[in-house]
Amino acid sequence: MTRRPFSALRPRRALAAAGLAALAAGCASAGAPENAAAPTPRPAAETPAPQAAKTAPRPEPRPMNPAEMERSFAAWRADFRARALAQGVSAALFDQAFANVRPNTRVMELDAFQPEFVRPIWAYLDSAVSDTRVTTGREKRAALAPLLAEIEDRHGVDREAVLAIWGVETNFGTIRGSINVFEALGTLAWHGRRKDFAEEQLLAAFRIVAAGEITPEAMVGSWAGAMGHTQFIPTSYLAYAADHDGDGRRNVWGEDPGDGLASTAAYLARFGWEQGAPWGAEVKLPAGFDLSLADQKIRRSPEAWSALGVTAADGGPVPAHGEASIILPAGASGPAFAVFNNFRVIKRYNNATSYAMAVGLLAQRIGGAPDPAYAWPRDQRRMSVEEMKEVQALLNGLGFNAGVPDGIIGPNTQGAIRAFQRSRGLPADGFVNAPLLDALRGAGG
């Protein structure tokens, strides 16, 4: 087949990307929510994502001593066992999987972790798409060329995109996780913040074992139950994992990355990956541009954006790659990007804008693109999580519904910020920074 390069679109200065990859929930190395809030991946709604997700923090329960923990865990296990058996899990399989499972205090600590400060998106780029990671990705591209060609031909997904997800998720398979999945998910189902989700994943894990894919003892992964080279949670494994080598098992856990990489390609293909197409490009916005249009929910044709005065970074027309959204990942003081279909597909894997941009840029750099030189507002001070919560509380107090003050800046909070900004004649970029907090404090009196 004739193969088009993943980095088919390369504006003069560089192609876009940004993200937040570092020890996140659900994978060994993952992304962050919008506005680079807490480092936690958020899978897309509607479908199971490959990774688990963290939700808003809640008050921590009273600490238990070891004896109390064992009793409480045993009570949960007995209750869950009855419910699992009622759903078709055999007693023998349940007892085998939980034979040596105890509450894992490290899992509890990681689930409860809340960062003190918010890591800005440009700081994430410095590590998520480091020169070392790019070099390793290019080495893997050469060393695994026959395998990657097979995967690309079979699934129609660019090899650089698959390599980039591998790199962001587990640093090319070097950090796949070593915690027993039943122990990790059992701990989270008993004590975590998403108990129903963890139990759903446990039931899927039983199905994986019952199908003969792996033994309970060998099923290991991250502290949040994500597994293998590209960190699939059990439900996503059942739905999308691929047996690339045809041995009858979808082995995402072993040293051979073939099944894991093919599984990622199958996932991306399932959600409409367009081979050879870019994920996005830097654009320039005209003076007076309505920043409320810089919203991922708004999609317009390149011609429609051009009619509003938007241009490519080099002054040319907005690239013609289908419907695009305009995003401002660092607010009005940072660069703007037009993002296309493949960006949205990456977000099905992990629903953080930062993650999708990191994967896009890493893929392009593995394919030979230069390191971009975007004008990030690096002089902005870091915001603390407590300040993020204060922003949300102040918005609520002023009548702009930002939801529960949790320090996570999602669509509801962004909408509230935009409404406040419009009410004060400020650029409605929906971005949290120190000037916004000052304006809110002033408005609150």
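Readers should treat all values here as calculations from the given coordinates under stated rules, not as data from a laboratory. In this text, all values refer to a predicted model and were calculated from it rather than measured experimentally. Note: ideal-geometry Cβ built from the backbone for every residue, glycine included; neighbour counts use all protein chains shown.
Okay, here's what the table says:
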item: Amide H contacts under 5 Å for residue 311, placed H, 5+ residues apart; result: 284
item: Average Cα contact separation per residue, the range 385-444, under 8 Å, 6 or more apart, as relative contact order %; result: 32
item: Length gained when the stretch residue 105-residue 127 is fully extended (0.36 nm per residue, less Cα-Cα span); result: 5.1 nm
item: Centre separation in Å (Cα based) which lies between the range 279-321 and the range 331-346; result: 10
item: Stokes-Einstein D for the range 118-174, Kirkwood Rh over Cα pairs, 10 °C, 1.306 mPa s (µm²/s); result: 131
item: Rel. contact order, % - alpha carbon contacts under 8 angstrom, at least six apart, the chain; result: 25
item: DSSP-assigned coil residues among chymotrypsin sites (Phe, Trp or Tyr not before Pro) in the range 186-265, each with at most 14 further Cβ atoms within 10 Å; result: none
item: Simple label model, 7 Å out from Cα along Cβ direction - residue 311 to residue 74, nm; result: 7.4
item: Ascending count of other beta-carbon atoms within 10 Å, so fewest first, for 166, 273; result: 273, 166
item: Theoretical gain in end-to-end length, residue 135 to residue 290 [0.36 nm per residue, Cα-Cα removed]; result: 51.8 nm
item: Cα gyration tensor shape of the range 344-398, rounded if a/c is under 1.5, else prolate or oblate by comparing a/b with b/c; result: oblate
item: Equivalent ellipsoid, the range 310-445 (semi-axes from 5 times Cα gyration tensor eigenvalues, Å); result: 30, 16, 15
item: Under 17 Å, Cα to Cα: Lys pairs in the chain, sequence gap 8 or more or different chains; result: 4
item: Expected-Rg normalisation [2.2 N^0.38 Å, Cα atoms] applied to the range 75-221; result: 1.31
item: Label-reachable residues, the range 376-391, where backbone N falls under 12 Å from a point 7 Å from residue 437's Cα toward its Cβ; result: 381-391
item: Theoretical FRET efficiency, 1/(1+(r/R0)^6), r = Cβ-Cβ of residue 245 and residue 218, R0 22 Å, to 0.05; result: 0.80
item: Pair residue 382, residue 85: separation of 7 Å Cα→Cβ label points (nm); result: 5.0
item: Relative frequency of Cα-Cα separations exceeding 16 Å in the range 385-444, percent; result: 27
